[in-house]
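Just below is one structure, and these are the notes that go with it.
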Amino acid sequence: MTTSAPIRPDSSGPVPRHVAVIMDGNGRWAADRQLPRYEGHRAGMKAVRETIEAAIEEGVEILTLFAFSTENWNRPEEEILALMSLLQFYAQSERAELVQQGVEVKVLGDLSPMDAQTMDAVRTVEEATRGGSTLRLNLMVSYSGRAELLNAVRSLAREVALGVLDPEDIRPWHLEQYLHTRDTPDPDLLIRTSGEFRISNFMLWQLAYTEIHISPVLWPDFTRDHFGEAIRDYQRRERRFGRVTAP
Ligand code: FPP
């Protein structure tokens, strides 16, 4: 799904409706300080808070944060436990603030391997923030772009096998209805921190025409000013969606 972004009167160009972020560099931030890796993740929570505030100030409608990939389940158990308890802590300690800010939280991914306590915290924050209309916050947890696509393909194959869908009639929206992001437009801007130039199995379908901004900053050091820099960078781009000129 592609959308044209709204023009804000007080900005120098279109504001991206949907910004996705690969929050990278927590481990290196901790290693630079001779700290355990989970301290990097803990420090990364402040950057999450700043990014939400900056997104609201800029007029972004949807913010999608890659918090934990399916591949991250292969990290040492101690780090997985630390990340799950951080997610619980975040969901509980930020809940009132998120409600007050009008942030609607959705936690998206394959949550089946998640422990019951973390699942409870996730459902509680989703429930409490439901209907928030300032910003939609997608937290991608236990998420894999390939697994999401495979799941969608499997669902379409089932419809074909049942005879309710002709393969020749399959359109992009048929597949999109089976994606975790089915109710949101594609990201206009992807930010990746820590200077890495990779997509890392993130939103492989949805990022087809997304502008990419790579920040050299490690995630725990990422501030509202860095978010603003990414928006300004986006505003200088000409988006053509495969055409010769912008639509
Ligand atoms: C990547 O850094 C980051 C993660 C795997 C986790 C992101 C989690 C947070 C920012 C914590 C809090 C967020 C919420 C929403 C509770 P890395 O560990 O791969 O860093 P490295 O590449 O330097 O090793």
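Tabulated data for the structure shown
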item	result
Odd one out for V217, checked against (1) in a loop (DSSP other than H, G, I, E, B); (2) of a type in the set (A, V, I, L, M, F, W, C); (3) over 23 Å from R33 (Cβ atoms)	(3)
Scan of the stretch 226-247 for residues that are more than 18 Å from E196 (Cβ to Cβ) and free of Cβ contacts under 8 Å to residues at least 24 places away in the same chain, ordered by number	E238, R240, R243, V244, T245, A246
Cβ pairs under 9 Å, 6+ apart, first in the stretch 153-166 and under 15 Å from Q177 (Cα atoms), second at pLDDT 95 or above and of a type in the set (S, T, Y)	V153/Y178; R154/Y178; S155/Y178; L156/Y178
Failed criterion for P247 (all others in (1) over 16 Å from the mean Cα position of the chain (by Cα); (2) over 29 Å from Y178 (Cβ atoms) hold)	(2)
Residues of the stretch 209-218 satisfying the condition of being in contact (Cβ under 8 Å) with a residue 60 or more places away in the chain and either surrounded by fewer than 16 Cβ atoms within 10 Å (Cβ to Cβ) or under 14 Å from the mean Cα position of the chain (by Cα) (or both)	Y209, T210
Test: residue in the stretch 32-44 that is under 28 Å from P185 (Cα atoms) and either more than 16 Å from the chain's Cα centre (by Cα) or outside any helix (DSSP H, G or I) (or both)	no
Number of the exception - W173 against (1) within 16 Å of the ligand (Cβ to nearest atom); (2) surrounded by fewer than 14 Cβ atoms within 10 Å (Cβ to Cβ); (3) outside any loop (DSSP other than H, G, I, E, B)	(1)
Matching residues in the stretch 33-55 - criterion: being in contact (Cβ under 8 Å) with a residue 60 or more places away in the chain and not hydroxyl-bearing (S, T, Y)	G40, A43, G44, K46, A47, E50, I52, E53, A54, A55
Complete set of residues in the stretch 179-197 that are part of a loop (DSSP other than H, G, I, E, B) and either modelled with pLDDT under 95 or not charged (D, E, K, R) (or both)	L179, H180, T181, D183, T184, P185, P187, T193, S194, G195, F197
Condition met for S142 (crowded, with 17+ Cβ neighbours inside 10 Å and farther than 19 Å from K46 by Cα)	yes
Selection from the stretch 52-88 of residues that are farther than 22 Å from V103 by Cβ and among the charged types (D, E, K, R)	E71, R75, E77, E78, E79
Tally of residues being polar (S, T, N, Q), more than 8 Å from the ligand (Cβ to nearest atom) and assigned to a strand (DSSP E or B) across the stretch 63-97	1
Residue count, the stretch 24-47 (criterion: buried (at least 22 other Cβ atoms within 10 Å of the Cβ) and either at pLDDT below 95 or hydrophobic (A, V, I, L, M, F, W, C) (or both))	2
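The values are calculated or read from the model by the stated rules, or taken from the named source; none is laboratory data. Note that the coordinates shown come from a computational prediction; the quantities given were computed from them, not determined experimentally. Reconstructed Cβ throughout: ideal geometry from the backbone, glycine too, with neighbour counts over all protein chains shown.
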